[in-house]
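Heads up: the structure comes next, in structure tokens.
Each value in this text was obtained by applying a stated rule to the coordinates, not by laboratory testing. The structure presented is a predicted model; accordingly, all values stated were derived computationally and were not measured. Ideal geometry is used to build each Cβ from the backbone, glycine not excepted, and the neighbour counts take in all protein chains shown.
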Amino acid sequence: MSSSTADIIGREDPNDLDAILGITNTDVDEIIHDVNASVDTLFTWNYERSRPALSKLYEKAKTSQWNVTTDLDWSIDVDQEKEVSNTPGIGMAVEAGLIDLSQTPVAHWGKKEWTNFEIESSNWSLSQFLHGEQGALLCTARIVETVPWIDAKYYAATQVMDEARHVEVFGRYLYEKMSSQYPINAHLRMLLDDIVSDSRWDITYLGMQIMVEGLALAAFGFMHMLTQEPLLKKLLRYVMSDEARHVAFGVLSLQEYYQGLNQDEIKERQEFAFEAALRMRDRFLQQEVWERQGVNPLEVIKFMRENGPQGADPFQYMLFSKIVPNCKKLGLLDAGDGWLRERFTEIGVIQFEDWVDTGEEYESLDEVAKDRAAS
Ligand SMILES: [Fe+2]
Ligand SMILES: [Fe+2]
């Protein structure tokens, strides 16, 4: 029997804004977040290197390590106000007359308020990247234990180091260079909880390597394109070099594993991918930023959605530009009755299905190797 959207995400209409914004982080002072999980830790006595694509990725990972302390110039001063004045945002669109918010609680906002909003918005984004990176650190440590293949254990071990570096680099940037920090967004936390509480090793991969990291790769790419700030720009270039390998690791591993699953098992993976997609889309409404400015996010977001130039922010769709082709490559889009294709069509992201998948892309994105060759 097919699950309904309500079974999967707890609401019938995936676009119900009241329901989405009703999910908030009610425990913002929490320090330790405990998720109960019971997994099988797998030894393997088969040490044969039988997966050349994973071996190649592992070799690449060993030579493309970089050091947050010495490869980045932390003496650079970051002027957030200057930075946001150079970057397109809602405030800029309002000023240019592209969005009319005169019927909303922010009607009276001028340059000062919008600048402040944009600064908070970037503080929020970096904070969520930081929390997501910690999710990746924990998930890849889990994969080392749970994946049955030696080549994948080797590779995942390198990724644990990569993710520690990412937590370090985003944490340092956020606390040394930015003006405020945000707790984890409730939608992102629900997704991370779902991933780490699942005992099936391939779900850790699907949730983290394909969905969360696929979105991160697109979001980092977008931010890298827009930012003029040299420290953040270089940091993102290096993080993206690593992330491209990570997504490739997910695609290469799951491609093999999914060939052995039956229709019902594949359907469960499709549902998981759809739920993850919605959680990630919903977190980007950045409701906490509006709240910190004393504005009810529902009043502004609903208005923008109904009256904005294209209904919704194109950036939100771009976030799926890696996820959809990777799901296609894994066979998840069209398996069974094409259930996931229908869902991705409904939420407006199916147009990315034939964009480049991330199985091979990592070689062209290795900026660390390029810098080393140049020097
Ligand atoms: Fe990462
Ligand atoms: Fe990663």
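Things worth noting here:
- Anisotropy class of the range 24-161 from Cα gyration tensor, a/c 1.5 cut: prolate
- Overall form of the range 224-375 per C-alpha gyration tensor (a/c, 1.5; a/b vs b/c): oblate
- With q set to 0.06, 0.13, 0.14 Å⁻¹, the log10 of I(q)/I(0) for the chain, from the Debye formula over equal scatterers at the Cα positions, is -0.23, -1.11, -1.29.
- Once both labels are positioned 7 Å from their Cα atoms along Cα-to-Cβ, the gap between A96 and E168 label points is 3.9 nm.
- A Förster radius of 22 Å combined with the Cβ-Cβ distance from R372 to Y47 puts the calculated FRET efficiency at roughly 0.10.
- In sequence order, the range 80-95 has phi-based couplings of 4, 5, 5, 4, 6, 6, 9, 10, x, x, 4, x, 5, 5, 5, 4 Hz under the Karplus curve 6.51 cos²θ - 1.76 cosθ + 1.60, θ = phi - 60°, and Gly or Pro positions carry x.
- Taking GluC sites (Glu not before Pro) across the range 138-211, none is in a DSSP loop with at most 14 further Cβ atoms lying within 10 angstrom of its Cβ.
- Of the residues A136, V106, W290, the one whose Cα sits farthest towards the positive end of the charge dipole of the range 48-374 is A136 (charges of +1 on Lys and Arg Cβ, -1 on Asp and Glu Cβ, taken about the Cα centre).
- Order by protection proxy (mean Cβ within 10 Å, highest first), peptides 50-63, 326-339, 100-113: 326-339, 50-63, 100-113
- Global geometry of the range 124-224, whether rounded, prolate or oblate, following the gyration tensor of its Cα atoms and the 1.5 cut on a/c: prolate
- Taking E243, E346, E120 in turn, the Gaussian network model of the chain (Cα-Cα springs below 10 Å) assigns the largest fluctuation to E346.
- Separation of the range 182-228 and the range 124-163, taken as the distance between their Cα centroids, equals 11 angstrom.
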